[in-house]
Amino acid sequence: MRRQTLLGCGLALVMMVLILPSSAPAQTSLPTPTPAPRQVDRLKVAVQLEREQNDPILMTVVYAAQYAPVYEALVEEDPWHNFVPMLATDWSMSPDGKTWTFNLRKGVQWHFGWGEFTAKDVVHTLQRHVRADSMSVQVNLMRELLEHVEVVNDYQVIFRLPQPRTEADFAGQ
């Protein structure tokens, strides 16, 4: 009997030695630090195009989903068809509807250190749209809508139109 008791106690002791370490609370390790996110240098957009092009002035078909995250216009049309400021802070129309004056946001920087956005950039962009070798899908519209664009100062530009327009839709192009 004593032998059985000793065997039983020995077996119990062995079981405790084997079971206790596995039932002990697990030690928690320190969390692994998460590396800082890398800077994104390129935006990739999947769009079916006849050829790859990211310059909307050179596109023969304009896909807003492709250039909207990258480019801004002077104004944008909201879901209720009201024009809201983007690069222009405000604008006014002459009484005859043929002259529109846009005041531009100050401090807008071009990427890669190309300097500050000014009225000269607006004129340059519109001249690219209407030049003779333009492939812009908006070339005919721009030629029809705009007679002349002039720089007043770095933050003000005037659009002269051949026909009166009561909406600034030409500035959202």
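The values are calculated or read from the model by the stated rules, or taken from the named source; none is laboratory data. Keep in mind the model is a prediction, meaning the values are calculated, not measured. Reconstructed Cβ throughout: ideal geometry from the backbone, glycine too, with neighbour counts over all protein chains shown.
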Go through the range 84-173 and tell me which strands (runs of 3 or more DSSP E), entirely inside it, have 1 or more residues that are surrounded by 15 or more Cβ atoms within 10 Å (Cβ to Cβ) and under 24 Å from the mean Cα position of the chain (by Cα). 88-93, 99-104
Cross-chain or 6+ apart pairs with Cβ under 7 Å, the range 138-167 first and modelled with pLDDT of 95 or more, then among the basic types (Lys, Arg) and not in a helix (DSSP H, G or I): Tyr155/Lys106
Do we find that Arg131 is at pLDDT below 85 and farther than 19 Å from Ser92 by Cα in this structure? yes
Taking the range 86-136 and keeping only residues that are among the polar types (S, T, N, Q) and without any contact (Cβ under 8 Å) to a residue 24 or more places away in the chain, one is left with Thr89, Ser92, Ser94, Gln109, Gln127
